[in-house]
Each structure stands twice: as structure tokens, then as C-alpha cells.
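Notes for the one structure printed next.
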2 protein chains.
Amino acid sequence: MTTGTGRGGRTPTPRGERRRAALIDAAAAVLEDAGFAAVTHRAVAARAALPLAATTYYFASRGDLVTAAVERIGARHREHAHAVLHGLPPAPQPDEIVADVLVSLVAGADEPDPARLLTFYERYAQAGRQPGLRERVGAWTDELVDQTAGVLRHYGLPATEPLPRLLVAMVDGLLLAGLVGADRAALRQVRDDVRQVLGAIRVGPTG
Amino acid sequence: MTTGTGRGGRTPTPRGERRRAALIDAAAAVLEDAGFAAVTHRAVAARAALPLAATTYYFASRGDLVTAAVERIGARHREHAHAVLHGLPPAPQPDEIVADVLVSLVAGADEPDPARLLTFYERYAQAGRQPGLRERVGAWTDELVDQTAGVLRHYGLPATEPLPRLLVAMVDGLLLAGLVGADRAALRQVRDDVRQVLGAIRVGPTG
DNA sequence: TTCCAATTGGGACGACTGTACCACATCGGA
DNA sequence: TCCGATGTGGTACAGTCGTCCCAATTGGAA
């Protein structure tokens with residue numbers, strides 16, 4: 001219960017924690033490679049080069065394992081966001097650069113990666129059916145909206161609600177559409193679309 | 001091969017076709033109720049009150065059954081779109097009404113239904129991993145963009161690309177975010193957001 | 001009516017799944 | 001040194017899955 005070790009309130013060991021972390025890493029890797037359905041005890045154990053029983057020892061159920069993997073991915077996304085926000089180019093920048101920043105923020109990586117994005121949006125569907133995940137995903141989205149507002153303000157663009165929220169929604173929708181597009185060009189197109197919208201925002205008052 | 005009956009080039013019977021249709025209906029119902037993973041032979045057969053073997057008799061594989069269910073849902077979505085487009089209120093309309101029309105068009109129902117929308121977006125994730133589905137979903141999205149452009153033109157709003165595409169993407173993103181929101185209010189909020197954007201579009205030139 | 005393809009439905013198979021069990025190893029503090 | 005908590009790993013079990021098989025039945029054309 002204390003830290004999540006399989007058995008009761010035992011004291012975990014550093015080595016044990018390392019193994020547990022390795023399992024979470026493996027679960028996250030499987031999740032991003034092949035989706036939620038592929039995150040089985042056996043697949044994760046094999047990926048981590050650990051025996052099957054390790055998964056049941058460190059996680060009470062498959063759901064816990066999946067949740068841990070989602071949080072791990074979320075943490076990485078958040079790290080990337082912080083890196084982006086700290087390395088923000090100084091204020092006067094053409095819309096191309098601002099669009100790059102925003103897309104990179106939402107996509108959680110410098111370059112939108114189809115496999116990763118697939119998991120990203122599959123998570124929404126999962127969250128809709130699992131009450132536990134719903135809150136996490138909701139909070140994640142809120143965070144993204146706040147960060148987007150910060151970027152807009154930083155570049156002197158209007159950032160009053162609901163504009164940032166609408167912008168994030170649009171980028172989400174565009175990335176989603178880009179995923180079913182034939183090639184990577186559809187994903188690159190997203191940046192041009194966002195740039196165009198930013199240009200329009202500079203003129204119109206509301207958005 | 002001819003019409004899709006399980007066995008070779010046999011001549012299907014009206015009753016057989018009815019049974020096949022019943023299975024597709026059941027598969028679509030299960031799909032919208034509980035998602036892709038829940039569409040199993042047994043679940044579909046039980047839903048249709050038919051023996052298990054009926055599913056393997058009429059469909060070569062589970063994938064075929066799922067694909068048929070997706071197409072059935074797509075057909076319903078398309079019917080709804082046509083109904084909306086034919087019952088379009090005459091040209092001068094406040095943005096509230098236009099927003100209603102657009103959201104209803106994208107959501108595929110008069111009122112956005114969480115369960116249905118969940119399947120709607122889960123489909124994107126599935127399409128990303130199944131080449132067969134990808135084309136269908138891509139075509140579906142293109143159709144939606146064209147219909148949206150038609151509605152915009154009908155109400156004297158700018159409808160040059162990429163505006164309709166961006167609008168559809170935004171509605172998709174908003175509906176997605178509304179799904180992980182706590183209650184239905186988040187989904188109703190979508191219409192207000194769209195209305196606001198329409199107001200901005202009337203002013204700004206590009207979008 | 002007769003007949004044969006179309007259909008039906010019950011059951012079985014092997015391959016997975018999550019999870020539990022248990023004998024063994026290991027390691028840190030008394 | 002010992003000893004018990006912690007960690008390890010091989011295996012087993014019950015359940016569900018997709019798919020297949022096959023005997024019985026049906027219904028429309030001859």
C-alpha cells in the first residue's frame with residue numbers, strides 16, 4: 001500500500017524499486033508501440049526481460065500497470081512541455097515559429113510521431129470508459145491549455161479564454177485528422193494551418 | 001465472394017441476408033455501447049439472439065465483422081448528415097443556429113451522445129493501426145469537411161480552404177475534450193464555442 | 001413431392017489472457 | 001552467524017477469445 005509493492009505494507013528495496021521502474025518503462029514502451037490492448041502482463045515482462053511473475057508482484061492488477069504507464073508517458077509529456085517553455089525563443093517571432101512551438105507543445109514531442117500520437121488519442125477513448133483515467137486526462141488537457149495561453153501571451157497574442165482552449169482543440173483535431181492521412185505530410189501540414197490561424201488572430205479581436 | 005456470405009460463390013437467401021444484417025446491427029450496437037474491444041463473436045451473437053456459429057458463417061473473420069459495423073455506423077452518420085443538410089433553415093440565421101447545425105453535423109446526431117462519440121474517436125485510433133480502416137475514416141473526414149463548407153456557404157460565411165477543415169478539426173477537438181469533462185455541460189459548451197468562432201469569422205478575412 | 005444447396009446450431013480446439021501459488025534465492029540487521 | 005522479510009521465477013489454473021468442424025435442418029426450385 002505504501003509505495004505500491006505487490007505485498008502488504010512492506011518496506012521496498014532500492015533494487016525492487018528499480019525493477020518496478022523498469023516494468024513501467026516497458027509498459028509505456030509497449031503502450032506507445034501497439035496500444036492499450038497490447039499492454040499484457042506477458043508483453044510487458046518480455047519487454048523488460050523479466051519473468052512474468054514480476055508484473056503481478058509489483059502491480060496489484062493489469063489496470064494498475066496500465067495506469068502507471070499512462071502516468072509515465074504523461075510525465076514525459078510534461079517534461080517536454082517544460083523544456084519547450086523554458087527554451088522559448090524571445091518575444092518577437094514570426095508565426096511560423098510560434099506555430100511550431102504550439103504544435104510541439106500539444107504533440108508532446110519536437111516532431112509529431114504517429115505511433116505516439118495514436119496512443120495519445122487512444123487515451124481519450126480509454127478515459128471515457130474508465131473513471132480513474134478520466135480525471136487524469138482531463139487535468140492533462142487543462143494543463144495544456146494553460147501552457148498554450150502562456151505561449152500566446154509571451155508572443156503578444158490575445159490569450160483570453162476561450163481562445164487558448166479553442167486553439168488546443170483545433171490542434172488536437174488536426175493531428176487526429178493527420179493520423180488517418182496517407183503520409184507524414186498531413187502531420188506537417190498542421191503547422192501551416194496553425195500559422196494561418198495565428199495570423200488571423202492577430203487581426204480579429206475574439207478568435 | 002459475391003455478396004459476402006461466408007462460404008464461396010453461393011447464392012444467398014433473403015432470410016440469410018436478413019440474418020447477416022441483424023448481425024451487423026448487433027455488432028454496431030455493441031461497438032457503440034462498449035468499444036472495439038467488446039465486439040467479439042460471442043457478444044455480437046448474443047446481442048442478435050443468434051447462435052455463435054452464425055457470426056463465423058456470415059463473416060470470414062472478426063475484422064470483417066468489425067469493418068461491417070463501422071460502415072453501418074458510417075452510413076447512419078451519413079444519413080443524419082443528409083437529413084441535416086436538407087432540413088437546413090433558410091439563409092439568414094443567427095450564429096447560434098449555424099453552430100447547432102455544424103456540431104450536429106460533426107457529431108452525427110442531433111444531440112452529442114458520449115457513448116457514440118467515444119466510439120467515433122476510438123475509430124481514429126483503430127484506423128491508425130489498421131490500413132483497411134484508415135482509408136474509410138479518411139474519406140469520412142473529407143466528406144464532413146465538404147458538408148461543413150456547404151453549410152458555411154449557405155449562410156454566407158467564408159468557406160474557402162482551409163477554413164472548413166480547421167472548423168471541423170476544432171469541433172472534433174472540442175468534442176474530444178468534452179468527453180473527458182465531468183458532465184454533459186462540457187459537451188453543450190461546444191456549441192457556444194463554435195458560435196463564438198463563427199462571429200469572429202464574419203469579421204476576420206481568412207479564419 | 002423430391003432434392004440439394006443454403007443454413008443452422010452445438011460443440012470443440014488451441015491460443016491467448018489475468019492472476020494465484022509456491023519453492024527458492026537474497027540480503028540486511030540482530 | 002542466523003533469520004525473517006523481501007524479492008524471484010517457474011508453473012498452474014480458470015476463463016475468454018477466434019476459429020473450425022460436422023451433423024441436422026430448411027426452403028425454394030425442379
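What follows is calculated from the coordinates using simple rules that are stated; it is not laboratory data. Model, not experiment: these values are computed from the prediction. Cβ sites come from the backbone with ideal geometry, for glycine too, and all protein chains shown count toward neighbours.
Quick notes on this one:
- For chain A, built as a Gaussian network whose Cα springs stay under 10 Å, the top-fluctuating residue of A:HIS41, A:HIS86, A:HIS77: A:HIS86
- Inter-probe distance in nm under a simple model that places probes 7 Å from Cα toward Cβ, at B:ALA34 and A:ASP192: 4.5
- Shown in residue order for the stretch A:29-38 are the 3J(HN,Hα) couplings computed by the Karplus curve 6.51 cos²θ - 1.76 cosθ + 1.60 at θ = phi - 60°: 5, 4, 4, 6, 6, 9, x, 4, 4, 7 Hz (x for Gly and Pro).
- Its relative contact order, with pairs defined as Cα atoms under 8 Å and 6+ residues apart, puts the stretch A:88-207 at 34 percent.
- Normalised by 2.2 N^0.38 Å, where N is the number of residues, the C-alpha radius of gyration of the stretch A:88-207 stands at 1.07.
- For the stretch A:145-191 and the stretch A:27-94, distance of Cα centres in Å: 23
- Placing a label point 7 Å from the Cα of B:ASP110 along the Cα-to-Cβ direction, the residues of the stretch B:69-85 whose backbone N falls under 12 Å of that point are B:84.
- Across the stretch B:42-55, rounded Karplus estimates of 3J(HN,Hα) from the backbone phi angles (6.51 cos²θ - 1.76 cosθ + 1.60, θ = phi - 60°) give 5, 5, 5, 4, 4, 4, 8, 6, 10, x, 3, 5, 4, 5 Hz, Gly and Pro being marked x.
- Reported value for the stretch A:6-142: 133 Å³ per residue, from the convex hull of its C-alpha atoms.
- In the protein assembly as shown, the ratio of gyration radius to Kirkwood radius, Rg to Rh, stands at 1.00 when only Cα atoms are counted.
- In sequence order, the stretch A:149-157 has phi-based couplings of 4, x, 5, 4, 4, 4, 9, x, 8 Hz under the Karplus curve 6.51 cos²θ - 1.76 cosθ + 1.60, θ = phi - 60°, and Gly or Pro positions carry x.
- Distances from A:ASP25 to itself in the other copies, using label points 7 Å out along the Cα-Cβ axis, amount to 5.4 nm in increasing order.
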